[in-house]
Amino acid sequence: MDGLLSDFLSTVTEPRKGFISPQRMSQALRMPISDLSRVTHLHRNTLAVKPDSPKVQDQLGRIARIVATAAEMTGDTGQAIVWFRHQPLSGFDGRTAQELVEAGHADAVLAHLDMLRDGVYG
């Protein structure tokens, strides 16, 4: 996973500053910053003015970990992003990973990915 995680993180990390950039994350996920704000429960101004704050980095880091894990499993970051945004997950009332993260269930998405990786489908 380290290689793909590094590839995705290098895409969303602010060069020479070492933090996940809300703008780069927005671009990578192909979503407006206003949608990223909604998913992370962080105000757009917070994302813009304090992108390196621990709260912003924690929320963006959860998304990065989910997408990187999905990319490891699919072998394709683009496919992982489409999965995150649009694929209903079984066992979660048809909600997508993005909707679950927005609802505060990022850990459930990671657990779901771990189960899939371990060969448990459902």
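Filter region 104-122 for residues that are surrounded by 13 or more Cβ atoms within 10 Å (Cβ to Cβ) and either under 17 Å from His41 (Cβ atoms) or of a type in the set (Gly, Ala, Ser) (or both) and give the result.
His105, Ala106, Ala108, Val109, listed by residue number.
What pairs come up if the first residue lies in region 48-72 and is closer than 25 Å to Val82 by Cβ and at pLDDT 95 or above, the second is among the hydroxyl-bearing types (Ser, Thr, Tyr) and assigned to a helix (DSSP H, G or I), and their beta carbons are under 7 Å apart, counting only those six or more places apart or on different chains?
Matching pairs, first to second residue: Val56/Thr46; Gln59/Thr40; Leu60/Thr40.
So is Ala28 at pLDDT 95 or above, small (Gly, Ala, Ser) and in a helix (DSSP H, G or I) or not?
Working: at pLDDT 95 or above: yes; small (Gly, Ala, Ser): yes; in a helix (DSSP H, G or I): yes.
Answer is yes for this residue.
Please work out if Thr69 is surrounded by 17 or more Cβ atoms within 10 Å (Cβ to Cβ) and touching a Pro at 6+ places or on another chain (Cβ under 7 Å). Spell out the reasoning first.
Working: surrounded by 17 or more Cβ atoms within 10 Å (Cβ to Cβ): yes; touching a Pro at 6+ places or on another chain (Cβ under 7 Å): no.
In short, no.
Wholly within region 35-122, which helices (runs of 4 or more DSSP H) include no fewer than the required count, namely at least 3 residues that are under 13 Å from the mean Cα position of the chain (by Cα)? Don't jump to the end; show me each part of the working.
Values: elements: 44-49, 54-74, 77-86, 97-102, 106-117.
Correct list: 54-74, 77-86, 97-102, 106-117.
Given (1) free of Cβ contacts under 8 Å to residues at least 24 places away in the same chain; (2) surrounded by 19 or more Cβ atoms within 10 Å (Cβ to Cβ), where does Val101 come up short, assuming only one miss?
Going through (1) free of Cβ contacts under 8 Å to residues at least 24 places away in the same chain; (2) surrounded by 19 or more Cβ atoms within 10 Å (Cβ to Cβ) one by one, Val101 breaks only (1).
The values are calculated or read from the model by the stated rules, or taken from the named source; none is laboratory data. Keep in mind that this is a model prediction, so the values were computed, not measured. Cβ atoms come from the backbone with ideal geometry, glycine included; neighbour counts cover every protein chain shown.
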